[in-house]
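Just below is one structure, and these are the notes that go with it.
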Amino acid sequence: DPDSGRNSLQSYELSGDEHFSLAVQAGPGGDQRPELVLAKALDREEAAFHELVLRASDGGDPARTGTARIRVTVLDANDNAPVFSQAEYTVRVAEDVPVGSVLVTVTATDADEGLNGHVKYSLKKEADTALFHLDSETGEITLLRSLDFEDGDSYELEVQARDDGSLFDTAKVGITVTDINDNVPEISVRSALSEISEDAPSGTVVALLHVQDRDSGQNGEVRCSLDRGVPFWLEKSFEDYYRVVTARELDREQVSEYNVTVRAADGGSPALQSSAVLALRVLDVNDNAPVFAEERYSARLAENNAAGALVLTVRATDADWGQNARVRYRLSEGRVRGAPLSSYVSVQAETGALYALRSFDYEQVRELALWVRAEDGGAPALSSNVSVRLLIVDENDNAPQVLYPPAAVAAASAAWRAGGWSGVELAPRSSEPGALVLTRWLVLAVAAVSCLFVAFLLLLLALRLRRWRREQLLAAESGALRGVPVSHFVGIDGVRAFLQSYSHEVSLTADSRKSQLRFSAASCCDTLPARPAPDEPAPLLGDE
């Protein structure tokens, strides 16, 4: 203040903010020097600027004042740590989310400014960086590789936000992976038979299976089944284990091998399924006897055949396999004309060929009946028989022989040996031309037998004719009452009316042609009330 004395500068006064105070110091020349003193700690985040008014007053009357406006700018200090918007972040994602997708974004703020307020994000655990990536600037968490619910259904990340100083904040991020039906049921064969006997009882265990689906919930529920038409059942033993057992006895002759397909389907939508094939070979049991190709065999063999000639071949097949199907043939025991059957014919054991062991003579053996047995190689062996009929065919290998008269026989034999023929027969000198020379009794016997036969035929014919005639007459008599009114035959009254109206006379003789049945209107004992006279009936039979 250019004034002096009392009118010069006397005092200072500060107003406007409690954070500052005024301290006045005396200078070397006795002048006053005001100093702005910080009375309370500043907080830039509360107030970045402070507006103050400094007033200087003299001692005049009236006093004069001068003012100065002081603006205090508070510079930032790194006194605030970053703060996340949430202490814990949670998110649910499907396991088939594409790689590179942003799963969640974390956010942290720092009240400081400038470098002190610049926040960077990071994952606290190094292991989490293999699956997730956290953008240090934006806070976005992205997926680095595919998720698999079956490998991990939830993840917990610890995220850190740090400013350029040493201040930081942490938050937790919980990632829950939801299951989708992306796994097919797995069928593992723990034990299985490759061969089974065809006589194995029903319920025999063929295979033990373990079935599982890595999905969860309904997606992991598995249903197992077998193809239709196979003689096997699928039984659940416990939890995820199944047994394949026989449903009935097997028959190798119908099906020798089975490829049993086991199918497993889950409960997802759409359902996923898988299958496994069990190869099973059925072992043979000797349960089939040999069967001949024909029900019976017959053959014709000319007599005087060569010994060892082939007669015929029988053939039998066995539905079994291997040794059980090997068929051998043999003859059943028998005798022919007192000699063993095996001395006449033989059968080849392997081929079934039937051979004649000797030359047959039609005049001695005309027919040969035998049985051939086919036997398989099983233990015990099964067999079957077939009948074979061998007919011997006659050949002209015998000359005629004259049996009577003996002289003629002897003469014929001598003539035959001499290469010619001459018959000798004695006849009476008085015989006329045309007279029979074989004997008298022979002719009489032949004539008597012929007459008896003709007489029998005539008698049989007469009996037939008589029987036929009698049937014709009886048929005619049964139809003779057709002209009588029906009312005369209804009930007891009708019978009495019939007796009242008609009288009859029957005359029967042994000769049907003379039998008569006559009806005429005549009086009779009438025990019934009077009735109108019926019309004159026509005769039921004629004169005959």
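Near the amide H of Leu312, under 5 Å away, which other amide H atoms are found, from residues 5 or more places off or on another chain, if H is placed in the peptide plane?
Leu354
Tell me the GluC sites (Glu not before Pro) within region 260-368 that lie in a loop according to DSSP and have at most 15 other beta-carbon atoms within 10 Å. Can you show the working numbers first?
Numbers: sites: Glu294, Glu295, Glu303, Glu333, Glu350, Glu363, Glu367; in loops: Glu294, Glu295, Glu303, Glu333, Glu350, Glu363.
Qualifying residues, ordered by number: Glu294, Glu295, Glu333, Glu350, Glu363.
Tally Lys and Arg at +1 and Asp and Glu at -1 over the other residues with C-beta under 14 Å from the C-beta of Val24: what net charge comes out?
Numbers: positive: Arg33, Arg55; negative: Glu13, Asp31, Glu35.
That sum, taken over residues with Cβ under 14 Å, equals -1.
Would you pull out the residues with amide H under 5 Å of Asp112's amide H, same chain only if 5 or more places away, H placed 1.01 Å from N?
Counting only residues 5 or more places away or on other chains, the set is Asn80.
Pop out the carbon and sulfur fraction of the accessible area of region 129-286 as a percent, whole number, probe 1.4 Å.
Details: 3610 of 8270 Å².
Taking all protein chains in place, region 129-286 shows 44 percent carbon and sulfur surface.
Please compute the per residue accessible area over region 291-393 with all protein chains in place, 1.4 Å probe, rounded to a whole number of Å². Provide the component values of the computation, followed by the final result.
Numbers: 5770 Å² over 103 residues.
So region 291-393 comes to 56 Å² accessible per residue, rounded to a whole number.
On the principal axes of its Cα set, how long, how wide and how thick is region 1-134? Give whole Å, largest value first.
In descending order, the Cα extents are 92, 28, 20 Å.
Output wanted: per-residue J couplings in Hz (rounded whole) for region 162-169, from phi through Karplus 6.51 cos²θ - 1.76 cosθ + 1.60, θ = phi - 60°, x for Gly and Pro.
Each residue of region 162-169 in turn: 10, 8, 6, x, 10, 9, 8, 9 Hz.
Just to verify a number: what accessible area does Tyr12 come out at with the full protein assembly present, 1.4 Å probe, Å² rounded to tens?
Solvent-accessible area, nearest 10 Å²: 60 Å².
Using θ = phi - 60° and the Karplus form 6.51 cos²θ - 1.76 cosθ + 1.60, what ³J(HN,Hα) does each residue of region 109-125 get, whole Hz, x for Gly and Pro?
10, 10, 5, 5, 10, x, 5, 5, x, 7, 10, 10, 10, 7, 8, 6, 9
Excluding Ala87 itself, what net charge comes from residues whose Cβ is under 12 Å from its Cβ, given Lys and Arg +1 and Asp and Glu -1? Don't skip to the answer; put the middle values down first.
Details: positive: Lys172; negative: Glu88, Glu158, Asp169.
In short, -2.
Counting heavy atoms of the protein chains only and a 1.4 Å probe, report the per residue accessible area for region 5-73 as a whole number of Å². Can you show the working numbers first?
On the way: 4700 Å² over 69 residues.
So region 5-73 comes to 68 Å² accessible per residue, rounded to a whole number.
Report the Cα-based extents of region 291-393 along its three principal axes, largest first, to the nearest Å.
Computed over region 291-393, the largest-to-smallest principal extents equal 46, 23, 21 Å.
Nearest 5 is fine: what % of DSSP beta bridges in region 83-178 come out antiparallel, could you say? Please list the in-between numbers first.
Numbers: 21 of 28 bridges.
Bridges in region 83-178 are about 75 percent antiparallel.
Out of residues 5 or more away from Phe232 or on other chains, whose amide H comes under 5 Å of its own, with H placed 1.01 Å from N in the peptide plane?
Under 5 Å from the amide H of Phe232: Ala247.
What accessible area per residue, rounded to a whole number of Å², is obtained for region 186-283 using a probe radius of 1.4 Å? Kindly include the intermediate steps, with their values, before the conclusion.
Numbers: 5560 Å² over 98 residues.
Heavy-atom accessible area per residue stands at 57 Å².
If you average the sequence gap of Cα pairs under 8 Å that are 6 or more apart and divide by the length of region 235-316, what percent do you get for the contact order?
Numbers: 67 pairs, mean separation 17.3, N = 82.
That works out to 21 percent.
Counting only protein heavy atoms, what percent of the accessible surface of region 5-73 is carbon or sulfur at a 1.4 Å probe? Please list the in-between numbers first.
Working: 2120 of 4700 Å².
So the carbon and sulfur contribution to the accessible surface is 45 percent.
If you take the C-alpha gyration tensor of region 186-283, multiply each eigenvalue by 5 and take the square root, what semi-axes do you get, largest first, in whole Å?
Working: eigenvalues 151, 31, 22 Å².
The equivalent ellipsoid of region 186-283 has semi-axes of 28, 12, 10 Å.
Could you tell me the accessible area of Phe20 in Å² (1.4 Å probe, neighbours in place), rounded to the nearest ten?
In the full protein context, Phe20 sits at about 30 Å².
Rule-of-thumb check for region 5-73: C-alpha Rg over 2.2 N^0.38 Å? Spell out each step's value before the answer.
On the way: Rg = 14.2 Å, N = 69, 2.2 N^0.38 = 11.0 Å.
Its radius of gyration relative to the 2.2 N^0.38 Å reference: 1.30.
Hey, what do the phi angles of region 142-158 turn into as Karplus ³J(HN,Hα) couplings, whole Hz, using 6.51/-1.76/1.60 and θ = phi - 60°, x for Gly and Pro?
10, 8, 8, 8, 5, 8, 9, 4, 6, 8, x, 9, 7, 9, 10, 9, 10
Grab the other residues whose beta carbon is less than 15 angstrom from that of Asn305, score K and R as +1, D and E as -1, and report the net. Walk me through the numbers on the way to the answer.
Details: positive: Arg300, Arg358, Arg366; negative: Glu303, Asp361, Glu363, Glu367, Asp394, Glu395, Asp397.
Result for the local shell: -4.
Would you please classify the overall shape of region 152-227 from the alpha carbon gyration tensor, given that a ≥ b ≥ c denote the square roots of the eigenvalues, rounded means a/c under 1.5, and beyond that prolate means a/b larger than b/c while oblate covers the rest? Before the final figure, lay out each step's value.
On the way: a/c = 7.40, a/b = 4.29, b/c = 1.73.
Because a/c hits 1.5 or more and a/b exceeds b/c, region 152-227 counts as prolate.
The values are calculated or read from the model by the stated rules, or taken from the named source; none is laboratory data. Everything numeric here is computed off the predicted structure, so don't read it as measured data. With ideal geometry, Cβ positions are generated from the backbone for all residues, glycine too; neighbour counts draw on all protein chains shown. The area values use the complete protein model at the heavy-atom level, side chains included, leaving out ligands, DNA and RNA. Shrake-Rupley method; radii C 1.70, N 1.55, O 1.52, S 1.80 Å.
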